[in-house]
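Reading through the structure tokens given below for one structure.
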Amino acid sequence: MVKPISLRLRNAEILAKARTALGSVTEARLKQSHDAAVKERARNIVERAKEEKRLRYGAGNAARRALLVIEQAYDRIVAASDEIDKARWRERQGRVERELRKIITGGRP
């Protein structure tokens, strides 16, 4: 006959009861497989964090390079424009540069 399981048991209690019921050999294998699963999860988390950090760093570098190119391009446009257009181009340049600086400082995803 199967005994009903209390739903109030915690995960650790359930594992402890199962390990005592299975015996020492099976317990060792069970602990080893559980430890391997935990280590694998930890490795995956670390890898994901490293990849995310690498991507953020790459995005920041790309934004810095874009900022330099944008400054040069707007300087050339303003040099070739008349006085009325210069103010508009400088305003647009300011908007673009603010957005790129937000990316560099981490204000944008």
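Throughout, read-outs are computed from the coordinates displayed, never taken from laboratory work. What you see is a predicted model, and the numbers here were worked out from it, not measured in a lab. Positions of Cβ are backbone-derived with ideal geometry, glycine not excepted, and every protein chain shown enters the neighbour counts.
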Packing-wise, with mean Cβ within 10 Å as the measure, how do 60-73, 32-45 rank, highest first?
60-73, 32-45
I'd like the FRET efficiency for R98 and R56, computed as 1/(1 + (r/R0)^6) with the beta carbon distance as r and R0 of 22 Å, rounded to 0.05.
0.70
What is the calculated FRET efficiency for E13 to R48, with r their C-beta to C-beta distance and R₀ = 30 Å, to the nearest 0.05?
0.45
Distances over 21 Å make up what percent of all Cα-Cα pairs in the chain?
65 percent
